[in-house]
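Below is one structure, written out as structure tokens; the observations come after it.
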Amino acid sequence: MKQAITGNAGPKVRSDIEVTLELTDSGGIELIVKSKVKSMYGNAIEKQCRDLLEYFGLKNARLHVDDTGALPFVIAARVEAAVKALSGTSVSFLPEMIAENEYVSSRDRFRFSRLYLPGNNPGMFLNAGLHSPDGVILDLEDSVAPDKKDEAKILVRNALRSVNFYGAERMVRINQGERGLADLECVIPHNVHLVLIPKCENAQTLHKVDEKIKEIKKREGQPETVFLMPIIESAGGVERAYEIATATPNVVALAIGLEDYTADLGVQRTREGNESLYARNRIVVAAKAAGIQPIDSVFSDVGDMEGLLNNVQSSKAMGFEGMGCIHPRQIAVIREGFSPSSDEIEKAKKIMLAYRDAIDRGLGVVAMGSKMIDPPVVARAEKTINLAVKLGLLSGKWSEEEVTE
């Protein structure tokens with residue numbers, strides 16, 4: 001008898017359920033529930049499973065579930081994936097979209113920290129927003145085993161509807177090629193803010209993704225824009241960085257993935273990063289020229305907070321405006337590193353006050369003490385002030401407060 005197994009089970013698995021489904025010719029529905037919380041939720045789990053099988057039109061089946069505390073949206077995803085694996089049905093069961101998930105994003109919002117969440121691991125979804133990342137990335141690519149990708153996109157779809165991410169930008173990293181376009185069909189209707197395109201090597205890839213998203217949004221009657229963040233992970237991608245950055249107006253950021261990039265070069269990634277200096281500089285220049293955000297690669301040693309801070313400071317000095325993270329403990333360090341320091345804010349305030357004083361006095365030259373201040377320095381100071389105000393590090397009326405003091 002053919003069977004489908006979806007989900008995960010085992011001593012270290014939490015908040016998931018393993019579903020084993022067999023279609024039978026007769027005998028009705030045979031259901032066996034194994035659960036750590038069976039005494040409290042066994043009846044609810046059994047009822048949901050029976051309701052789901054009825055929803056998909058199954059009258060004869062053998063269903064075994066091994067539950068480790070899965071929430072209803074996870075159970076629904078795992079059962080649906082098993083049914084689709086055996087029957088090929090195109091019917092989907094959509095959990096209710098909670099009100100907390102109906103917010104929108106914006107082109108120029110902060111993307112200092114983006115927390116990667118493996119798309120087939122629901123236990124990592126549930127509290128991700130509580131750590132206050134700027135974005136959460138529900139990953140369908142490298143973190144998902146090839147034989148789990150179909151069930152992962154259903155789980156991610158349900159998470160987009162059911163999990164409160166507390167205002168974080170809702171991102172999905174799709175797969176490459178045709179599989180990635182199929183991922184879009186599954187997730188785009190459910191308020192995805194931004195799509196990450198992995199291993200992007202040319203503008204044509206982005207054109208296909210952008211057109212597919214527009215087609216889906218039009219069909220669903222959804223006017224919201226979905227932003228794009230291509231990830232450069234090869235020598236070819238680096239050489240075509242500006243072409244990629246300007247491929248469509250919906251590209252808002254350009255990221256680099258150093259693990260795959262160094263593998264493409266045939267070299268080891270080192271802490272010093274000399275092997276990727278050219279590529280990182282190229283990404284920053286291309287992004288800045290295109291008027292979008294350059295985003296650095298992840299720092300993979302989750303136990304080295306000092307090394308992470310040094311990496312962030314180096315990244316910021318190069319011109320990057322954010323980076324990926326693979327553990328919640330990295331978020332605060334990344335945010336602190338990319339935010340203006342108190343010294344930077346104070347220096348920017350002095351430059352802006354000197355500039356405004358020169359304007360008020362009709363002077364053509366701006367000076368602070370004995371030093372001349374060029375227009376690019378003023379522009380950089382103004383950007384620092386604006387960023388500090390947006391982050392709540394400085395009052396929006398700071399200049400008036402300076403005068404009163």
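The values are calculated or read from the model by the stated rules, or taken from the named source; none is laboratory data. What you see is a predicted model, and the numbers here were worked out from it, not measured in a lab. As a convention, Cβ positions derive from the backbone with ideal geometry for all residues, glycine included, and neighbour counts pool all protein chains shown.
Evaluate the following for ASP150: is it more than 25 Å from LYS218 (Cβ to Cβ) and not hydrophobic (A, V, I, L, M, F, W, C)?
yes
Restricting the search to helices (runs of 4 or more DSSP H) fully inside region 157-252 and requiring at least 2 residues that are under 23 Å from VAL298 (Cα atoms) and in contact with a helix residue (DSSP H, G or I) (Cβ under 7 Å, 6 or more places away or on another chain) gives 235-239, 241-245.
Of all the residues in region 337-351, those that are assigned to a helix (DSSP H, G or I) and within 15 Å of LEU393 (Cβ to Cβ) number 10. For region 151-158, the criterion of being in contact with a Gly (Cβ under 9 Å, 6 or more places away or on another chain) and either more than 20 Å from ARG78 (Cα to Cα) or modelled with pLDDT under 95 (or both) is met by no residue. Name the one entry in ASN60, ASN121 that is out of contact with any strand residue (DSSP E or B) (no Cβ under 6 Å at 6 or more places or on another chain), touching a residue at least 60 places away in the same chain (Cβ under 8 Å) and among the polar types (S, T, N, Q). When all the criteria are applied, what remains is ASN121.
Per the listing SER113, SER39, SER106, the residue uniquely farther than 22 Å from LYS153 by Cβ, assigned by TED's automatic domain parsing to the domain that holds ARG170 and out of contact with any Cys (no Cβ under 8 Å at 6 or more places or on another chain) is SER106. Pairing each residue of region 134-147 that is within 17 Å of CYS186 (Cβ to Cβ) with any residue that is of a type in the set (Val, Ile, Thr) and part of a strand (DSSP E or B), provided the two are 6+ apart or on different chains, yields C-beta distances under 8 Å for ILE137/VAL172; LEU138/VAL172; ASP139/VAL172; LEU140/VAL172.
Residues in region 355-373 that are surrounded by fewer than 19 Cβ atoms within 10 Å (Cβ to Cβ) and in a helix (DSSP H, G or I) were compared, and the one that is modelled with the highest pLDDT is ARG356.
One residue stands out among those in region 38-57 that are surrounded by 13 or more Cβ atoms within 10 Å (Cβ to Cβ) and basic (Lys, Arg): the one that is farthest from THR24 (Cα to Cα), which is LYS38.
If you filter region 3-14 down to residues that are under 19 Å from LEU52 (Cβ atoms) and modelled with pLDDT under 95, you find that the one that is surrounded by the most Cβ atoms within 10 Å (Cβ to Cβ) is ALA9. From the list PRO230, PRO249, the one residue that fits, being within 21 Å of the chain's Cα centre (by Cα), of a type outside the set (D, E, K, R), exposed (fewer than 15 other Cβ atoms within 10 Å of the Cβ) and under 26 Å from SER105 (Cβ atoms), is PRO249. A count restricted to region 108-126 and to residues that are in a loop (DSSP other than H, G, I, E, B) and either among the hydrophobic types (A, V, I, L, M, F, W, C) or surrounded by 13 or more Cβ atoms within 10 Å (Cβ to Cβ) (or both) stands at 9. Residue pairs whose Cβ atoms lie under 7 Å apart, sitting 6 or more positions apart in sequence or on different chains, and linking a residue in region 388-402 that is closer than 18 Å to SER113 by Cβ and among the hydrophobic types (A, V, I, L, M, F, W, C) to a partner that is crowded, with 16+ Cβ neighbours inside 10 Å and at pLDDT 85 or above, are ALA388/PRO340; ALA388/ILE345; ALA388/LEU394; LEU391/SER339; LEU393/SER339; LEU393/PRO340; LEU393/ILE345. Pairing each residue of region 296-312 that is part of a loop (DSSP other than H, G, I, E, B) with any residue that is surrounded by 14 or more Cβ atoms within 10 Å (Cβ to Cβ), provided the two are 6+ apart or on different chains, yields C-beta distances under 6 Å for SER297/ILE256; SER297/GLY257; SER297/LEU258; VAL298/GLY324; VAL298/ILE326; PHE299/LEU308; PHE299/ASN311; VAL302/HIS327. Only a single criterion out of (1) under 18 Å from the mean Cα position of the chain (by Cα); (2) surrounded by 22 or more Cβ atoms within 10 Å (Cβ to Cβ); (3) of a type in the set (Val, Ile, Thr) is not satisfied by VAL238, namely (1).
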